[in-house]
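Okay, so here's the structure we're looking at.
The values are calculated or read from the model by the stated rules, or taken from the named source; none is laboratory data. It should be emphasised that the depicted structure is a prediction, and the values quoted were computed from it without experimental measurement. With ideal geometry, Cβ positions are generated from the backbone for all residues, glycine too; neighbour counts draw on all protein chains shown.
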């Protein structure tokens, strides 16, 4: 099925790179690009997009203002934020403002592709709000080790960090994923195929 997506970024090389990547990985996607300058709200709300992939650092807009403005004029439009800012800085605020998902530009291309595919399949809407922010690489490492049953001191040694930092990462994971305890983290890691539980 043909689906239409809008990619918004004020850097031509970035938006064209995203377009090329997504056309290769999602051939059924028809992609329009925008620089995000004057008239961007009309571009977004003038058509029924399957997905809008947008930076939040756009000319004339401050941070997540663009998300709020889009949601106020066309609340049904799904927005995936692809930003230079780390998840820790903006993800929670962006999601609560109405974004469907948040991916930092320091993530590998596969993270964006996976998120776009999940969004187009309607899977992201089924997830709790907190799980729509992609975990950082270090958070995934800590989650993997915790789910594999490693002790805090062993994780600290493996990642060359102190034990207190491991505890901080565990607390952050629980909060970010909306989970309660280690058992929930293990279940999440298995469900998301962060660890292999087939053995």
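Here residue 1 meets each of (1) buried (at least 17 other Cβ atoms within 10 Å of the Cβ); (2) not in a helix (DSSP H, G or I) with one exception, condition (1). Residues in segment 116-125 that are surrounded by fewer than 17 Cβ atoms within 10 Å (Cβ to Cβ) and in contact (Cβ under 8 Å) with a residue 60 or more places away in the chain: 117 only. Kindly indicate whether residue 39 is surrounded by fewer than 19 Cβ atoms within 10 Å (Cβ to Cβ) and free of Cβ contacts under 8 Å to residues at least 12 places away in the same chain. Taking the combined requirement at face value, the residue satisfies it.
How many residues, within segment 93-115, are assigned to a helix (DSSP H, G or I), touching a residue at least 12 places away in the same chain (Cβ under 8 Å) and over 9 Å from the mean Cα position of the chain (by Cα)? Total meeting the criteria: 7. Restricting segment 173-188 to residues that are modelled with pLDDT of 85 or more and either outside the structural domain of residue 149 (by TED's automatic domain parsing) or within 19 Å of residue 91 (Cβ to Cβ) (or both) leaves a set whose member that is farthest from the chain's Cα centre (by Cα) is 185. Go through segment 73-92 and give me each residue that's in a helix (DSSP H, G or I) and loosely packed, with under 15 Cβ neighbours inside 10 Å. 73, 88, 89, listed by residue number. Within segment 5-30, the set of residues being under 19 Å from residue 56 (Cβ atoms), touching a helix residue (DSSP H, G or I) at 6+ places or on another chain (Cβ under 7 Å) and assigned to a loop (DSSP other than H, G, I, E, B) comprises just one member, 9. Residues of segment 42-56 that are in a loop (DSSP other than H, G, I, E, B) and surrounded by fewer than 22 Cβ atoms within 10 Å (Cβ to Cβ): 46, 47, 48, 49, 50.
In this structure, is residue 26 farther than 30 Å from residue 169 by Cα and under 19 Å from the mean Cα position of the chain (by Cα)? So residue 26 passes the test.
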